[in-house]
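Enquirer: Shown below is the structure under consideration.
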Amino acid sequence: MASSLTCTGVIWALLSFLCAATSCVGFFMPYWLWGSQLGKPVSFGTFRRCSYPVHDESRQMMVMVEECGRYASFLGIPSAEWRICTIVTGLGCGLLLLVALTALMGCCVSDLISRTVGRVAGGIQFLGGLLIGAGCALYPLGWDSEEVRQTCGYTSGQFDLGKCEIGWAYYCTGAGATAAMLLCTWLACFSGKKQKHYPY
């Protein structure tokens, strides 16, 4: 099977897929922020949440429903900062995934990735990583929302966790983006084979 990638390009393709998968899984999982409410563990993502309080009419008290899910609507996301974070991080993950899948196809298809295409792909990866990094930087701005303060304590605010702690999905998303920006962007410059110039 013909490949349009050099040996470095194959490493780039695999690493690109790994970085994109890491960032996408971290983005989708609702474990960016951990806390507790009414004695039950609660976690938040940018657009998902696990465990939420509801009023139990029969017992006339608040109880925690221990389920994970998306917010009912985009405007249901607790803060404007988290809404922006969702869009920006989602776009970044989409760009990383697009480049990773194209790179993997380059392992099987000849003349798909030239040196120029590889460099452009590296630039797109850098932009994707930058967008995800911006989303990760915006996320703490939403820690002053009422939902987060109910979980993390009323001492929490922007860039102040209160009783909560940062979850593994936040680190996972950021690590994938960082590796894409630093390693993949550099490897992409050496990924494509020189194009053959035909005399016709």
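The values are calculated or read from the model by the stated rules, or taken from the named source; none is laboratory data. It should be emphasised that the depicted structure is a prediction, and the values quoted were computed from it without experimental measurement. Methodologically, a virtual Cβ is constructed for each residue, glycine included, from the backbone with ideal geometry; neighbour enumeration extends over all protein chains shown. Calculation scope for accessible area: heavy atoms of the full protein, side chains included, ligands and nucleic acids excluded. Shrake-Rupley method; radii C 1.70, N 1.55, O 1.52, S 1.80 Å.
Enquirer: Calculate, for residue 137 and residue 104, the FRET efficiency according to 1/(1 + (r/R0)^6) with r their C-beta to C-beta distance and R0 25 Å; round to the nearest 0.05.
Expert: E(calc), rounded to 0.05, equals 0.25.
Enquirer: In addition: Out of residues 5 or more away from residue 68 or on other chains, whose amide H comes under 5 Å of its own, with H placed 1.01 Å from N in the peptide plane?
Expert: Excluding prolines and chain starts, which carry no amide H, the hits are 51.
Enquirer: Another question, if that's okay. Non-local amide H neighbours of residue 37 (under 5 Å, H modeled in plane, Pro and chain starts lacking H): which ones?
Expert: Correct list: 42.
Enquirer: Would you pull out the residues with amide H under 5 Å of residue 112's amide H, same chain only if 5 or more places away, H placed 1.01 Å from N?
Expert: 4
Enquirer: Can you give me the accessible area per residue for segment 88-171, using a 1.4 Å probe, in Å²?
Expert: Details: 3930 Å² over 84 residues.
Each residue of segment 88-171 exposes 47 Å² on average to a 1.4 Å probe.
Enquirer: Can you list the HN-Hα couplings for segment 179-187, worked out from phi with the Karplus curve (6.51, -1.76, 1.60; θ = phi - 60°), rounded to whole Hz and with x for Gly and Pro?
Expert: Those phi angles translate into 5, 5, 5, 8, 7, 5, 4, 5, 5 Hz.
Enquirer: In sequence order, what are the phi-derived ³J(HN,Hα) couplings for segment 115-130 according to the Karplus relation 6.51 cos²θ - 1.76 cosθ + 1.60 with θ = phi - 60°, rounded to whole Hz, with x for glycine and proline?
Expert: 4, 5, 4, x, 5, 5, 4, x, x, 5, 5, 4, 5, x, x, 5
Enquirer: Before anything else, pin down the relative contact order of the chain: Cα pairs under 8 Å, at least 6 apart, normalised by residue count, whole percent.
Expert: 34 percent
Enquirer: I'd like the per residue volume of the convex hull spanned by the Cα atoms of the chain, given in cubic angstrom.
Expert: Hull volume normalised by residue count: 127 Å³.
Enquirer: Relative to the compact globular guide of 2.2 N^0.38 Å, what is the alpha carbon radius of gyration of segment 1-69, as a ratio?
Expert: Working it through for segment 1-69, the quotient is 1.90.
Enquirer: Right, here's the next one. May I ask you to evaluate 6.51 cos²θ - 1.76 cosθ + 1.60, the Karplus curve with θ = phi - 60°, for each residue of segment 25-33 and list the ³J(HN,Hα) values in order in whole Hz, giving x for glycine and proline?
Expert: 5, x, 5, 6, 6, x, 10, 7, 9
Enquirer: In addition: What percent does the relative contact order of segment 45-156 come to when contacts are Cα pairs within less than 8 Å and at least six residues apart?
Expert: Rounded, it is 28 percent for segment 45-156.
Enquirer: Whenever you get a sec, compute what percent of the accessible area on segment 1-88 sits on carbon and sulfur atoms (1.4 Å probe). Walk me through the numbers before you get to the answer.
Expert: Numbers: 2990 of 4520 Å².
Taking all protein chains in place, segment 1-88 shows 66 percent carbon and sulfur surface.
Enquirer: Okay, moving on. Could you work out the equivalent-ellipsoid semi-axes for segment 16-116, taking the square root of 5 times each eigenvalue of the Cα gyration tensor, largest first, in whole Å?
Expert: 40, 13, 10
Enquirer: Quick check on the chain: helices-only [θ] at 222 nm, where DSSP H runs of length 4 and up contribute -39,500 (n - 2.57) each and the sum goes over total residues. Nearest 500, please.
Expert: The helix-only estimate for the chain comes to -16000 deg cm²/dmol at 222 nm.
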